[in-house]
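First up is the structure itself, then whatever we jot down about it.
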Amino acid sequence: MPKRSPLKNKRLLVGVTGSVAAYKAVELVRRLKDEEADVRVMMTSASLNFITPLSLELASGAAKKPLTGLWEEPLAHVNLASWAELFIIAPATANTLGKLANGIADDLISAFFLAWHGGTIIAPAMNPGMYTHKTFGKNLEFLRSLGVTEIEPETGALACGVEGVGRMAGIERIMDAARSAFTPKDLEGQSVLVTAGPTREPLDPVRFISNRSSGKMGFALARAAASRGAAVTLVTGPTALTPPPVEKLIRVETTSEMKDSVLKEAPSSRILIMAAAPSDFTPEVSSARKIVKSDTYDLRLKATHDILLEVSRLNRRPFTVGFAAETGRLFERAQEKLEKKDLDMIIFNDVTKAGAGFDCDTNQVSIFGRDDRREDVPVMEKEDLAHLILDRILALAVRDKDKETF
Ligand SMILES: Cc1cc2nc3c(=O)[nH]c(=O)nc-3n(C[C@H](O)[C@H](O)[C@H](O)COP(=O)(O)O)c2cc1C
């Protein structure tokens, strides 16, 4: 959990409506609470068929119980409109969204919505027939035109036994949208290209060489940049992580594929952050058939393409940030890499240190800029570090812009 969560002390009102997905609201409320938001909950009477107010009360930790009706706490619909800083409806039924789009105010959530003029996030959840119905589409379009943010549902098997679009968006996507609502958009208008994760170099159709990179640092950077308004392209090797809400997600397997994607996207990007750990070696020969088991097997490797070096040769090169994962405090190597690959910034981390490097949620880095500047950053959550790195990039970009080198 990021320590610097933009949700800290924010007053969030969560509406829960009568969908099978109502139980997922418990997890959402708990996650908001984990990030120290002040959460209050409103429930429709239909939602009470799926979930009890007690579950949400316990999850929210609020001294006040969830409100379940318009008459329960008179004027709550008006008072909450001046209390809340963000309104999230998850899950949002077709019925409730229909009311919101048409000015109906016959229950707490819909009456509140009319009194409320602030930011609203909706996470629809329903049967695909309902979601794709023209009437619902018209309502949704009108709500979007009011500035309501829809976290689109996902496609897959639904509780009603059919396959299709309508499953409520994952909690992580709703959390991203909530955090983004409180994040200054200081990267608005910037195109940011981020690479993440390991690559896989095939030995044969079933085996590959890879490394311990989890993709967490790159995903955190992409997520942070997107929440600050950048148009983000994320090029990622295989990871088990949920992708952040980026404009373009490109999944690759090998270093060669990563290189092709980066070289294609880099010229139209303003900032490139290479947080991936592409394999430095690939088998000299990759067998088309599975290699038969034997006592020994000689494997010869050859170097892969050096993506950063190739980027440095581009005519139109973005502001380029590299990562150097080393074992030992080899600052000289980081500095060498900065110069050799003509980088604007390099983030050095000693992957043998506790709380740093691969497959953990924290990292400890030193940031090297040009002109020998070095900043030693203490151990912190990768999500927080991502924002700190973006702060530094922004500061350098502004500074260099004055010198017209960026
Ligand atoms: C078992 C069951 C599951 C339902 N699931 C959904 C759903 O996922 N999405 C939806 O829009 N409506 C769903 N409905 C219909 C709503 O509960 C119904 O339209 C209700 O009036 C919604 O009220 P509310 O919007 O005030 O919560 C479901 C109904 C039942 C009986």
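Derivation of every value follows stated rules applied to the coordinates shown; laboratory data play no part. Only a predicted model underlies this, so the values are computations on that prediction, with no experimental measurement involved. When we count neighbours, we look across all protein chains shown, and the Cβ atoms used for this are built from the backbone with ideal geometry, even at glycine.
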Bounding extents of region 359-398 in its principal axis frame from Cα atoms, largest first in Å, are 30, 18, 14
Sequence order, region 273-288: Karplus ³J(HN,Hα) from phi using 6.51 cos²θ - 1.76 cosθ + 1.60, θ = phi - 60°, Hz rounded, Gly and Pro as x, gives 10, 8, 9, 6, 10, x, 4, 7, 10, 9, x, 4, 10, 10, 6, 6
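What helices in the chain pass both tests, a Cα length along the helix axis of 20 Å or more and a mean Kyte hydropathy of -0.5 or higher, using whole DSSP H runs?
Numbers: long enough: 382-402 (30 Å, 0.00).
Sorted by number, the helices that extend far enough and score high enough are 382-402.
How big is the convex hull of the Cα atoms of the chain, per residue, in Å³?
Values: hull volume 74.1 nm³, N = 406.
Hull volume normalised by residue count: 183 Å³.
Report the charge-dipole magnitude of region 11-181 in Debye, nearest 20, computed about the Cα centre from +1 at each Lys and Arg Cβ and -1 at each Asp and Glu Cβ. Don't jump to the answer; show the numbers that get you there.
Values: 15 positive and 18 negative charges, 31 e Å.
Rounded to the nearest 20 debye, it is 140 debye.
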The computed P(r) of region 38-181 puts the percent of Cα pairs beyond 27 Å at 18
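Can you give the helix-only mean residue ellipticity at 222 nm for the chain, where every DSSP H stretch with n ≥ 4 adds -39500 (n - 2.57) and the sum goes over all residues, rounded to the nearest 500 deg cm²/dmol? Please report the intermediate quantities before stating the final value.
Numbers: 13 runs with 130 residues, N = 406.
Counting only the DSSP helices, I get -9500 deg cm²/dmol.
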For GLU150, other-chain or 5+-apart residues with amide H closer than 5 Å (H placed, Pro excluded) are ILE122
In whole angstrom, the spacing between the Cα centers of region 106-128 and region 1-38 equals 16
Hull volume per residue for region 204-325, using the convex hull of the C-alpha atoms, in Å³ is 123
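Give me the extension gain from TRP71 to GLU154: residue separation times 0.36 nm, minus the current Cα-Cα distance, reported in nm with one decimal.
On the way: separation 83, 0.36 × 83 = 29.88 nm, distance 3.49 nm.
Stretched fully, the TRP71-GLU154 segment lengthens by 26.4 nm.
Cα-Cα pairs above 15 Å in region 8-106: how many percent?
59
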Under 18 Å by backbone N from the virtual spin label 7 Å along Cα-to-Cβ at MET130, the residues of region 46-68 are 46-52
Sparse-neighbourhood loop hits (GluC sites (Glu not before Pro), region 19-123; DSSP loop; Cβ within 10 Å at most 16 others) -> GLU36, GLU72, GLU85
GNM on the chain, Cα springs under 10 Å; top mean-square fluctuation among SER269, SER294, SER210 goes to SER294
Pseudo-spin-label distance LEU146 to ARG4, built 7 Å along Cα→Cβ, given in nm, is 3.5
Between the residues PRO267, THR320, ALA25, the Cα farthest towards the positive end of the dipole of the chain, that dipole coming from +1 and -1 charges on the beta-carbon of Lys, Arg, Asp and Glu, is from PRO267
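Could you size up the charge dipole of the chain around its Cα centre, putting +1 on the beta carbon of Lys and Arg and -1 on that of Asp and Glu, and report it in debye to the nearest 20?
Details: 53 positive and 53 negative charges, 51 e Å.
Roughly 240 debye for the chain.
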Per the rule of 0.36 nm per residue minus the C-alpha distance, extending GLU336 to LEU394 adds in nm 18.6 nm
Karplus ³J(HN,Hα) for region 190-204 (6.51 cos²θ - 1.76 cosθ + 1.60, θ = phi - 60°; Hz, whole; x = Gly/Pro) runs 9, 9, 10, 9, 10, 10, 8, x, x, 10, 10, 10, x, 8, 7
